[in-house]
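Enquirer: Here it is, the structure, as structure tokens.
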Amino acid sequence: MRKKQRKKLDGVQIISTVLVVAFSLIVFIPFWNAVVISLETSAAAAKYPFSWIPMEFTLENYAVLMAKGGALMEAYKGTIIITIFGVLIGMTISVMGAYGFSRQFPGKKLFFRLMLFTMFFNGGLVPIYLQYKNMGLLNTYTACIIIDLVSVYNVIIMKNGFENVPMELQEAAMIDGAQDMLIFFKIMLPLQKPLIATFSLFAIVGYWNSWYWPMMLMSGGNKSVLQLFLRSIVNSAGSEKTASGIASVLISGDGMKMAAIFMVMLPVMIVYPFLQKYFTKGIMVGAIKM
Amino acid sequence: MKKDSKNGKALFVRVWQAKYLYLCILPIMAWILIFQYGPMYGLLMAFKDYKAKLGILRSPWAGLENFKLIFKVPIAREAIINTLRISVGRLIFVFPIGIVIAILLTEMRGAKLKKICQTVLTFPHFLSWVVVACILKNFLSTEGVVNSLLGGLGMDSVNFLGSENFFRPLLYITENWKEMGWSAIIYIAAIAGIDPTLYEAAEIDGASRLRRIWHITLVGIRPTIAIMFILAVGNVMNAGFDQIFNMRNGLVEDAARILDTYVYDITFARVPDYGFSTAVGLFKSVVNLLLLLIANKMTFFITGDKMLS
């Protein structure tokens, strides 16, 4: 980062490098271990708790998982529906709101405070559950979409992003007679693309990973999402020692768990490289203003 | 903020001029009012002897009985103490790690290696606790990698996941495992914003690298640390439901009981008392809010800059 060339490494730099590499390995190994276990027989997994490559390669764990076909596909369907609609609707109203709050209008402070307050205070589990129940939203995808629709924190950072656009740009457009909406679409939106991309990706990952509210709002129904499916697999496999359990679970406890994990994780791994490209930029825009 | 003062125009003229801006905030405010403020009506339950048959409005008032109960029921009291204990533990053992990782990443050499390491360290942040808990439980189980390693060193295997003594340290370690790369990012950004001439000047003056980290880097990112600290303190009553809910098991029930898991457990108990659950939740939220306001004031004194405008 600093332009000057260093002649030689000093102790701090060597220790830093060693420590960071060590930490990275500590993060990487359990993760890799899970992938390896999912690809080997349960006998091999029991014999070699850790290996860099699958010792007795098999896709059986994935086959068993797929044999549950219906449940996994139903869970994928649920997660995909929630993610797509949640991100599209959520980002649209967040960006609009962020832009609105970046400009001046009577009552802005009141509305902003109302929004800010919900960042730190909400109705809590029972009241929220009861409201969704009263609105007839239990066991619907709609409930899971609505509950995580907006992140106020992200809206505030995007609002700061809009505020950081030089006033001259807006004033020039105003002088040219451009209206608020035109300024929004022609100037503000294109300038905020990286930030919007960042938060869209965050929203995708957020919906993909959501399990708490789906668990609360969709329990007892026939709808599911991936994380809940994973939880059910983990829990059923975990109880194999006490209860007799389902035969397929008994045969390949850990292997199938890890296969399920991999299936749930895969899409995140695919979008992650794109995410990485954007998030630092996005976070920095927020951080500067903060 | 203050310069948008009255410019002589009547209020309705200014409102009319801003009509598109109101349109912009309409959807988000509608969502906030219906789905954030809407449920707050249900908070009335905390002050009622709630009966599902009667509904919220017609259930009899209970005054503050539900809140008094929080301090009377031993398990609830323990949950409060445990919540605070875990949160303070996080402030000590988790909060500084992001700063440390940021400094290490900034100081390390090898651009390519740095990028790979940062990618690896950040990745687990994007996984849910359902996934991470499952991976780490497998890794730390009695038949897992860590225990076979201990076995290889001639040590007895340790039931990390089923021991109350290990539960809290395990929470800090696993949270660091998941979040250290992510929490470092904000500090890395702050460090990148420090004027490089400061480092050059210090180097010319013969300051060692450690002194430069201490006097320039850490001082330069102090406002960021302060803001992150407020957010962490404001979160003290949330001791990390997602993590604990996915890490806990029957053997560590008591060590794992925080306010949020307690609310969950009593809400989904065989005989739920919604009035009491709501009261516990409300108590938690109010304390949370107060802590945040206090912390916000404190940072204002420290940095002269408030996070909550």
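The values are calculated or read from the model by the stated rules, or taken from the named source; none is laboratory data. Just so it is clear, the structure is predicted and the values come from calculations on it, not from any experiment. Glycine also receives a Cβ, built like all others from the backbone with ideal geometry; neighbour counts cover every protein chain displayed. Just the protein is used for accessible areas: all its heavy atoms, side chains included, with ligands, DNA and RNA removed. Shrake-Rupley method; radii C 1.70, N 1.55, O 1.52, S 1.80 Å.
Enquirer: Taking the protein assembly as shown on its own, what percent of its Cα-Cα pair distances exceed 31 Å?
Expert: Numbers: 101141 of 179101 pairs.
Result for the distance tail: 56 percent.
Enquirer: Each residue of region A:47-64 in turn: what ³J(HN,Hα) in whole Hz from Karplus with 6.51, -1.76, 1.60 and θ = phi - 60°, glycine and Pro shown as x?
Expert: 6, 10, x, 9, 8, 6, 10, x, 6, 10, 5, 7, 9, 4, 4, 5, 5, 4
Enquirer: Expressed as a rounded percentage, what relative contact order does chain B have, with Cα pairs under 8 Å and six or more residues apart?
Expert: Worked out over chain B, it gives 25 percent.
Enquirer: Rank A:Val152, B:Val286 by accessible area, highest first, at a 1.4 Å probe radius? Write down the numbers at each step before the final one.
Expert: On the way: A:Val152 15, B:Val286 65 Å².
Of A:Val152, B:Val286, the descending order of accessible area is B:Val286, A:Val152.
Enquirer: Related question: Could you state the number of Å between the C-alpha centres of region A:28-96 and region A:207-225?
Expert: Value for the Cα centre distance between the two parts: 17 Å.
Enquirer: Follow-up question, since we're still on this one. As a test of understanding, state the convex hull volume per residue of region B:133-286 from its alpha carbons, in Å³.
Expert: Dividing the Cα hull volume of region B:133-286 by its residues yields 157 Å³.
Enquirer: Let me ask something else about it. Give the Debye-formula value of log10 I(q)/I(0) at each listed q (0.18, 0.19 Å⁻¹), with one equal scatterer per alpha carbon of region B:175-240, two decimals each.
Expert: -0.76, -0.81
Enquirer: Dividing the Cα radius of gyration by the Kirkwood radius, what Rg/Rh value follows for region B:47-303?
Expert: The Rg/Rh ratio comes out at 1.07.
Enquirer: Sticking with this structure for a sec: Provide the per-residue ³J(HN,Hα) series for region A:102-116, in order, calculated from phi with Karplus coefficients 6.51, -1.76, 1.60 and θ = phi - 60°, each as a whole number of Hz, with x at glycine and proline positions.
Expert: 7, 9, 9, 7, x, x, 4, 4, 4, 4, 5, 4, 4, 5, 4
Enquirer: What are the residues whose amide H is under 5 Å from the amide H of A:Glu40, where those residues sit 5 or more places off or on another chain and H is modelled from the backbone?
Expert: So A:Glu40 has HN proximity to A:Thr58.
Enquirer: For region B:145-203, how big is Rg over Rh, using alpha carbon atoms and the Kirkwood form of Rh? Each step should come with its number before you reach the end.
Expert: On the way: Rg = 19.9 Å, Rh = 15.1 Å.
That ratio equals 1.32.
Enquirer: Let me ask something else. At a probe of 1.4 Å, how much accessible area disappears from chains B and A on forming the pair, both sides counted, to the nearest 100 Å²?
Expert: 9000
Enquirer: Per DSSP H run of at least 4 residues, take -39500 (n - 2.57); add these up for the protein assembly as shown, divide by its residues and hand me the 222 nm value, nearest 500 deg cm²/dmol.
Expert: For the protein assembly as shown, the value works out to -21500 deg cm²/dmol.
Enquirer: For peptide A:212-225, compute the average count of partner chain beta-carbon atoms within 10 Å of each residue's beta-carbon.
Expert: Taking all residues of A:212-225 together, the mean is 1.
Enquirer: Quick one: which of B:102-110, B:191-199 comes out on top by average Cβ neighbours within 10 Å, and what's the full order, highest first?
Expert: So the order, starting with the most tightly packed, is B:102-110, B:191-199.
Enquirer: Percent of Cα-Cα pairs more than 28 Å apart in region A:59-289, please.
Expert: 45
Enquirer: I need the helices of chain B that pass two filters: whole DSSP H segments spanning 27 Å or more by Cα along the axis, and mean Kyte-Doolittle score no lower than 0.5.
Expert: Working: long enough: B:74-93 (28 Å, 0.83); B:164-192 (41 Å, 0.38); B:274-303 (43 Å, 1.35).
Those that clear 27 Å and a mean of 0.5 are B:74-93, B:274-303.
Enquirer: Related question: To the nearest whole number, what is the average tally of beta carbon atoms from other chains within 10 Å of the beta carbons of peptide A:11-19? Walk me through the numbers before you get to the answer.
Expert: Working: counts 3, 9, 6, 3, 3, 12, 9, 2, 6.
Taking all residues of A:11-19 together, the mean is 6.
Enquirer: Okay, moving on. Work out the charge dipole of the protein assembly as shown with +1 on the Cβ of Lys and Arg and -1 on the Cβ of Asp and Glu about the Cα centre, then indicate which of B:Phe95, A:Gln104, B:Thr217 is farthest towards its positive end.
Expert: Highest projection toward the positive end goes to A:Gln104.
Enquirer: Which residues' amide hydrogens lie under 5 Å from the amide hydrogen of B:Lys48, considering only partners 5 or more residues apart or on another chain, with H built in the peptide plane?
Expert: Answer set, sorted by chain and number: B:Ala62.
Enquirer: Where does the Debye-calculated log10 I(q)/I(0) of region B:57-189 sit at q = 0.09, 0.11, 0.20 Å⁻¹, using only Cα point scatterers of equal weight, no solvent?
Expert: Normalising to I(0) and taking log10 leaves -0.44, -0.61, -1.19.
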